[in-house]
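The values are calculated or read from the model by the stated rules, or taken from the named source; none is laboratory data. Since we're looking at a predicted model, the values are computed, not measured. Every residue, glycine among them, receives a Cβ derived from its backbone with ideal geometry; neighbour counts consider all protein chains shown.
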Amino acid sequence: MESVRVWSSTWNLDPFLIISILATAVVYVRGFRRVRIQLPQHFPGWRRDLFLVALAILFFALSSPLDGLADLLLQAHMAQHWLLVMVVAPLIWLGAPSVPLMRGLPGQTLQKGLGPLLASPTIRSTANWLTRPMTAWCLWVATMLIWHWPPAYQSALQSRAWHDLEHASFLSAALLLWYPIIRPWPKTGADPVGGRLIYIAATMVFNTFFSATFAFSGQIFYETYQSVPRPWAISALRDQNAAGAFMWIASSIPMLIASVAVVIQWLSPGYASPLTHPLVTKPAPHSGRPRWFFSLRLRRGIQVALFLLAIVVVIDGFVGTQSPSAENLAGVLPWTYWRGFVVIGLLALGNLFCAVCPFTLPRRLAAKLLGRPFRWPSWLQNKWLAATLFGLYLWAYEVLALWDRPSWTAWLILGYFLFAFMIEGLFPRGTFCRYLCPIGQFNFTGASLSPLEVTASKASVCGQCTTRECLHGDLKAPGCPTGLLLPAKTGNHDCTFCMDCARACPHDNIDLSFVRPGHAIGQDRMAKQAPGLDTVALISFITFGAFVNAAAMIEPVVRFEGLISDQLKLAPSVVQTIWIAGGITLGPILILISCASIGRRFARVTLPTPLLLRKLAPGLIPMGFAMWLAHAGFHLATAYGSLLPAVRRFVGSAPKPVVLVDLPTPRFDGIEFELLILGFGFLITMAVSWRISLELALSARQALRLALPWVAAAFLLYLAGVWIVLQPMQMRGMVM
């Protein structure tokens, strides 16, 4: 332990480092005083403080005993690198150092030396290229990989010059890495918020794989650590695993903080209006642009294809093998493929699945045969019945084991078609989609997080329109089936992406546009007011149902249900029913009401508790859909090859069709991806809760207090999701 005592009392007081840091601090403070007088709005005092803190941490990382301990422990070396890359670099950019450092230099130095050099077109173009997101990210990744390559790392341990070069490389690469994220003043141009989130996600994914390599490796990468004294008797392999775990967790924290800041900025009121650049625009007459997305023929073609596929699934569900269910199309397509692709598609593209829904294909035939003689009762013109049907779906899926009963799945699909046919034939068009379809309600809720939305190109055109064809239709198209008046429409709720409104609009004024995901969460479908309690109940069922559905498949919950069943002498179905009912009704009611009440008291607002509940409860949507995505995506990834056995058996069991290719047994251990998805869900929920609270509160402090209970509830759901994905999960309905 003598080496440890020597280390603990050793500071590397390098004169060059000390002079460099002090000179930088003096120049920055001198320049900061000057620019703050001229531009106080851009240079508040906290920028100066963060820059000086960054210099202090830089000195600590390179001169403190931590530098000496890094020669003995990989954990210390990783901590040193973490300080340089994930702490010092972002703090430097938060200090907006470029202008203060230049203004702090002596006048002659700036005017005759550095100024002309920085104004050089070559220097400027090189700097612009280096700070591009792709360039900066690639250089950072290359720096991390090269210096952690064993020969390079060993050289840095054995040579002070190489060690200093390593640290200089890390800090330089880190400054490039953080530049596109922080975009320090005076950075100009468009603010690609979505691009920044993707950039942060790419950084976190690389860090996950990089750190996991050290955390889970059973082989020592750096032999030097085996020959040096081992402080506190930590083995070299254990030290390496702990270093990887540290980098995994510690490096994720600054990136998560950056994600929160970016999303909060994005969703804060007044930051920016929804983007108006359409993804696909309906062309003006004779413009020559493609109109494929607005094509009714294309939509009908996809609906027919899906309708035929549904018939095939129903037939196989009735007459095909029932066990194992994974060899039946009714046991594979609905519960593994369709469910996974729906969740992914909703978050990536919007509610395109409702647009091509095969259940509404015979809608016109139903109207002709049955005549739509009735009006839908006014007391049912809400989401209560749809929420109840969604709860029944969750119950039936688990208690009746629909995933393992192809014939029951076939009956469910057939019954769904008949139910939709009767409702659309007896009641006004769109009644089934708006008030009854649990799949549609799930899609509407998930589409609130989509970057796409059906919008009006020019509000002024809609303001001058008096005929409202988008709502009522015309001879060419029937108009919106769910009663959405486009100029007053808010978000994607109740929008089926059918584009009937676009085909009916005589002004060609309706587009599919990019918007800020989640910008309409907390608002009603047709006006900027709070959604009703029926919508809140539906959202609650979908959000908490994600955790209930996933938890029902993990080993601890299954074992606990069995224990309760044995102890209380209850049938397993009864225990499962109690679990599901409590998980989607009683539990959420207590949580949501408590959050609204605590937030109201803590923030001291005069708004009624029901209003706070209606406005803020939808903020949990991102957390719920993160759980749906992690769960459904897990099954989709683990079972991507499970369709082949079912197709082979349906086509003909023997011999195997030549056209079908054997795939290897799928292996997937993407827990890090599931954790990443849950983490982003929590971050977005925090941002949405903050945005809604700002709209309700009178000050930022009051908004923070109002949002805190909801953030705490989201954090508890996040922890529940993490626990769920870390547990052994039953691979039900699969041939493994």
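Give the residues of the stretch 578-623 that are of a type in the set (Val, Ile, Thr) and in contact with a Pro (Cβ under 6 Å, 6 or more places away or on another chain), sorted by residue number. Matches in the stretch 578-623: ILE598 only. Filtering the stretch 361-377 to residues that are part of a helix (DSSP H, G or I) and touching a Gly at 6+ places or on another chain (Cβ under 7 Å) leaves ALA366, ALA367, LEU369, LEU370. Here ILE542 clears all of (1) touching a residue at least 40 places away in the same chain (Cβ under 8 Å); (2) of a type in the set (Val, Ile, Thr); (3) not in a helix (DSSP H, G or I) except the condition numbered (3).
Kindly provide the set of residues from the stretch 124-138 that are touching a residue at least 40 places away in the same chain (Cβ under 8 Å) and assigned to a helix (DSSP H, G or I), ordered by number. Those that are touching a residue at least 40 places away in the same chain (Cβ under 8 Å) and assigned to a helix (DSSP H, G or I): LEU130, PRO133, THR135, ALA136, TRP137.
Give the residues of the stretch 229-243 that are under 20 Å from TRP147 (Cα atoms) and either among the small types (Gly, Ala, Ser) or at pLDDT below 80 (or both), sorted by residue number. Step through it out loud before you land on a result.
Going through the stretch 229-243, the residues under 20 Å from TRP147 (Cα atoms) turn out to be 236-237, 239-243.
ALA236, ALA242, ALA243 - these are the residues of the stretch 229-243 that are under 20 Å from TRP147 (Cα atoms) and either among the small types (Gly, Ala, Ser) or at pLDDT below 80 (or both).
The set of residues in the stretch 576-609 that are among the β-branched types (Val, Ile, Thr) and either in contact (Cβ under 8 Å) with a residue 12 or more places away in the chain or closer than 28 Å to MET553 by Cβ (or both) comprises THR577, ILE578, ILE580, ILE584, THR585, ILE589, ILE591, ILE593, ILE598, VAL605, THR609.
Within the stretch 460-484, being hydrophobic (A, V, I, L, M, F, W, C), modelled with pLDDT under 85 and touching a helix residue (DSSP H, G or I) at 6+ places or on another chain (Cβ under 7 Å) holds for one residue alone: ALA477.
Taking the stretch 581-612 only, how many residues are of a type outside the set (Gly, Ala, Ser), surrounded by fewer than 22 Cβ atoms within 10 Å (Cβ to Cβ) and not in a loop (DSSP other than H, G, I, E, B)? I'd like the intermediate steps shown before the answer.
First, pick out the residues of the stretch 581-612 that are of a type outside the set (Gly, Ala, Ser): 584-586, 588-593, 595, 598, 600-602, 604-612.
Subset that is surrounded by fewer than 22 Cβ atoms within 10 Å (Cβ to Cβ): 585-586, 589-591, 593, 598, 600-602, 604-611.
Next, from what is left, pick out any that are not in a loop (DSSP other than H, G, I, E, B): 585-586, 589-591, 593, 598, 600-602, 609-611.
Qualifying residue count for the region: 13.
Scanning the stretch 645-696 for residues that are aliphatic (A, V, I, L, M) and at pLDDT below 75, which turns out nearest to the chain's Cα centre (by Cα)? Taking the candidates together, the pick is LEU663.
Have a look at ALA330, ALA305 and point out the one that is within 25 Å of TRP411 (Cα to Cα), in a helix (DSSP H, G or I) and touching a residue at least 40 places away in the same chain (Cβ under 8 Å).
Values: ALA305 fails: touching a residue at least 40 places away in the same chain (Cβ under 8 Å).
None of the other options fit; the residue is ALA330.
Looking for whichever is within 19 Å of TRP690 (Cα to Cα), modelled with pLDDT of 90 or more and hydrophobic (A, V, I, L, M, F, W, C) here; the options are PHE602, PHE541. Which one fits? Spell out how you get there, then give the answer.
Details: PHE541 fails: within 19 Å of TRP690 (Cα to Cα).
Of PHE602, PHE541, the one residue that is within 19 Å of TRP690 (Cα to Cα), modelled with pLDDT of 90 or more and hydrophobic (A, V, I, L, M, F, W, C) is PHE602.
Screening the stretch 414-424 for residues that are crowded, with 20+ Cβ neighbours inside 10 Å and in contact (Cβ under 8 Å) with a residue 60 or more places away in the chain and picking the one that is nearest to ILE315 (Cα to Cα) gives ALA420. Going through the stretch 378-417 one residue at a time, which ones are at pLDDT 90 or above and not in a helix (DSSP H, G or I)? Across the stretch 378-417, the qualifying residues are GLN381, ASN382, LYS383.
Is it the case, given these coordinates, that GLY317 is closer than 18 Å to ILE413 by Cβ, touching a residue at least 12 places away in the same chain (Cβ under 8 Å), in contact with a helix residue (DSSP H, G or I) (Cβ under 9 Å, 6 or more places away or on another chain) and not polar (S, T, N, Q)? Considered against the rule, which asks whether it is closer than 18 Å to ILE413 by Cβ, touching a residue at least 12 places away in the same chain (Cβ under 8 Å), in contact with a helix residue (DSSP H, G or I) (Cβ under 9 Å, 6 or more places away or on another chain) and not polar (S, T, N, Q), GLY317 comes out as yes.
Right, ARG405: in contact (Cβ under 8 Å) with a residue 12 or more places away in the chain, under 27 Å from ASP500 (Cα atoms) and charged (D, E, K, R) or not? If you could, list the steps in order and put the result at the bottom.
Working: in contact (Cβ under 8 Å) with a residue 12 or more places away in the chain: yes; under 27 Å from ASP500 (Cα atoms): no; charged (D, E, K, R): yes.
For ARG405, the condition - in contact (Cβ under 8 Å) with a residue 12 or more places away in the chain, under 27 Å from ASP500 (Cα atoms) and charged (D, E, K, R) - is not met.
Of the numbered criteria (1) farther than 24 Å from PRO618 by Cβ; (2) of a type in the set (Phe, Trp, Tyr); (3) touching an Asp or Glu at 6+ places or on another chain (Cβ under 6 Å), the one PHE432 fails is (1).
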